[in-house]
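The values are calculated or read from the model by the stated rules, or taken from the named source; none is laboratory data. Only a predicted model underlies this, so the values are computations on that prediction, with no experimental measurement involved. Note: ideal-geometry Cβ built from the backbone for every residue, glycine included; neighbour counts use all protein chains shown.
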């Protein structure tokens, strides 16, 4: 009887352990664009669950978005001097292309927004009739919902006054500032300050912009707060909220609650930085944490932030509540990751 | 009846020219595929007859020979020493005898679109392991720096492609002019921005070179990058034999023009190692006395 009880308790314990493990099993998708493969990484188990080749050596895959079933792969080029013109929907083990979605030439990054949408940007080769093309893909139906034409290349998506806006990087120098284009109505706001960058996020309808070391003297290596003027639809009230001294090259990776997550990166594989700053927008406090070299992109999962490093295959796990970071080295392979996504929260 | 005849004549004319276009394209594709398999002497005969040009550093036996003697004499002593040292550095890194041996052909404008993708796949050498990735340190790059890459042997030399570093506050920090096989006849650019990751993730080897602007100030480096930015959106120049065009640009022409066109007429910054001819290949930017290595992924 006693033995039976022990056996039952052991089974119960194992079941609870397994269940809790499964319930908390955060899984990440890490894309190594240079090496043309991706990892499925389990945070709890601290191991790579799978490694999938995403394109041929001479091709280039620049982003991947996990879907409910499978993955949306953004191939940039198919061969040297041959641009991709389709997005691929792969099944869950990358063994089969389920669907091809025709898009404009040279798709580059996918900015996921709302419940189930992504804006696909393109490099310069989508330039047509003096405009840059981008498509909105519905991630449920896997169909193009809308084709949009911008003055520059979309560099991100922000939520402003309840709507989603594309942040347009003025790559041709025609806007003399940064344009924020409403993805629904196509109305726009203009940040009419050419010294600011397109590295912009929005929190409570206030914009925050980081300018790297290449900026003008009074703007370089600083974080700015830009308050809107609804009447004129022009953002011109610019205030410097933080001047970074060491390291340089601040780059806003994204938002986590009230915090702006700023990585320091020159986007170079070598001689990059290994620091991250959490900027509290409520009380303007800053928290500097150690990270992998070359923090390039991030993903938020509950209280945790995962930042992928470009300098080698490494991720940084940050606990927002504790303001602590943990470096998880995956391998010494160079270059590291250019995209990180949460597959399972 | 007359109208019908005119329509028929126009139709047949269009069809004949269309057929000729297709035939020419087929010929070009076939020719390019066969050309590189030919023995050396035949290559010279057939290539020259078809309007291809062999690029050679005829009068030079070392990198120092590429420095104009009259300029060398005029240089301040410090600079002269620096220029001669960098010639020695190039010699140590890539001996001129080896560099000279590299086969360099500039195809005729009509064959160019079909030659652009020609290369020997998986060619391993000391500069690259054929994995299409390099770790060139872009943190040291400055506005106006020349970017050169190698990715297996290409028709026009050892360096396959060139670009210019712009920097700036956005993601897109470099400017290049690239063609695309499927762009043939397509008016789209040409000259465009690329992120740094393009240079690291798409080639076996990458180097960053800086330009000596003497006797002009170093501010001409930034001016060259701004010139390249002003050309954004212009189409690719398939006529590699004509570097003087300002309405179309090929990769090394864009970088060369950035320096040449912005400098003063009395002190041209000419980064073409063979300045007398009408073309400029990426290898000629490397061999020029005006460029020196800042860093490379090797």
Does residue B:243 meet the test of being more than 10 Å from every other protein chain (Cβ to nearest Cβ) and touching a helix residue (DSSP H, G or I) at 6+ places or on another chain (Cβ under 7 Å)?
yes
Take the conditions assigned to a helix (DSSP H, G or I) and at pLDDT 95 or above and apply them to residue B:44. Does it pass?
no
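Rundown of residues vs (1) at pLDDT 95 or above; (2) surrounded by fewer than 22 Cβ atoms within 10 Å (Cβ to Cβ); (3) within 20 Å of residue A:76 (Cα to Cα); (4) away from chain A (no Cβ under 13 Å), yes/no style:
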position: B:161; (1), (2), (3), (4): no, no, yes, no
position: B:181; (1), (2), (3), (4): no, yes, yes, no
position: B:186; (1), (2), (3), (4): no, yes, yes, no
position: B:192; (1), (2), (3), (4): no, no, yes, no
position: B:197; (1), (2), (3), (4): no, no, yes, no
position: B:200; (1), (2), (3), (4): no, no, yes, no
position: B:213; (1), (2), (3), (4): yes, yes, no, yes
position: B:223; (1), (2), (3), (4): yes, yes, no, yes
Going residue by residue through segment A:11-29, is there one that turns out to be within 14 Å of another protein chain (Cβ to nearest Cβ) and either at positive phi or modelled with pLDDT of 80 or more (or both)?
no
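Rundown of residues vs (1) within 26 Å of residue A:228 (Cα to Cα); (2) touching a helix residue (DSSP H, G or I) at 6+ places or on another chain (Cβ under 9 Å), yes/no style:
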{"residue": "A:120", "(1), (2)": "no, no"}
{"residue": "A:125", "(1), (2)": "no, yes"}
{"residue": "A:133", "(1), (2)": "no, yes"}
{"residue": "A:158", "(1), (2)": "yes, no"}
Out of the residues in segment A:179-203 that are at pLDDT below 90 and crowded, with 16+ Cβ neighbours inside 10 Å, which is farthest from the other protein chains (Cβ to nearest Cβ)?
A:189
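Kindly indicate which of A:340, A:269, A:276, A:262 is touching a helix residue (DSSP H, G or I) at 6+ places or on another chain (Cβ under 6 Å) and under 30 Å from residue B:166 (Cβ atoms).
A:269
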Quick one: in segment A:211-257, of everything that is within 11 Å of chain B (Cβ to nearest Cβ) and closer than 17 Å to residue A:176 by Cα, which residue is farthest from the chain's Cα centre (by Cα)?
A:216
Note on residue A:157: of the conditions (1) assigned by TED's automatic domain parsing to the domain that holds residue A:196; (2) in contact (Cβ under 8 Å) with a residue 40 or more places away in the chain; (3) within 25 Å of residue A:204 (Cα to Cα), unmet is (1)
First in segment B:91-108 and over 22 Å from residue B:251 (Cα atoms), second anywhere and at pLDDT 90 or above and surrounded by fewer than 19 Cβ atoms within 10 Å (Cβ to Cβ), Cβ under 6 Å, 6 or more apart:
B:96/B:62
When segment A:137-165 is checked residue by residue, the ones that are closer than 18 Å to residue A:63 by Cα, away from chain B (no Cβ under 14 Å) and in a strand (DSSP E or B) are A:137, A:138, A:143, A:144, A:157
Which of the residues spanning segment A:46-64 are over 17 Å from residue A:341 (Cα atoms) and assigned to a loop (DSSP other than H, G, I, E, B)?
A:55, A:56, A:57, A:58, A:59
Does residue A:134 satisfy being more than 11 Å from every other protein chain (Cβ to nearest Cβ), under 20 Å from the mean Cα position of the chain (by Cα), part of a strand (DSSP E or B) and without any contact (Cβ under 8 Å) to a residue 60 or more places away in the chain?
yes
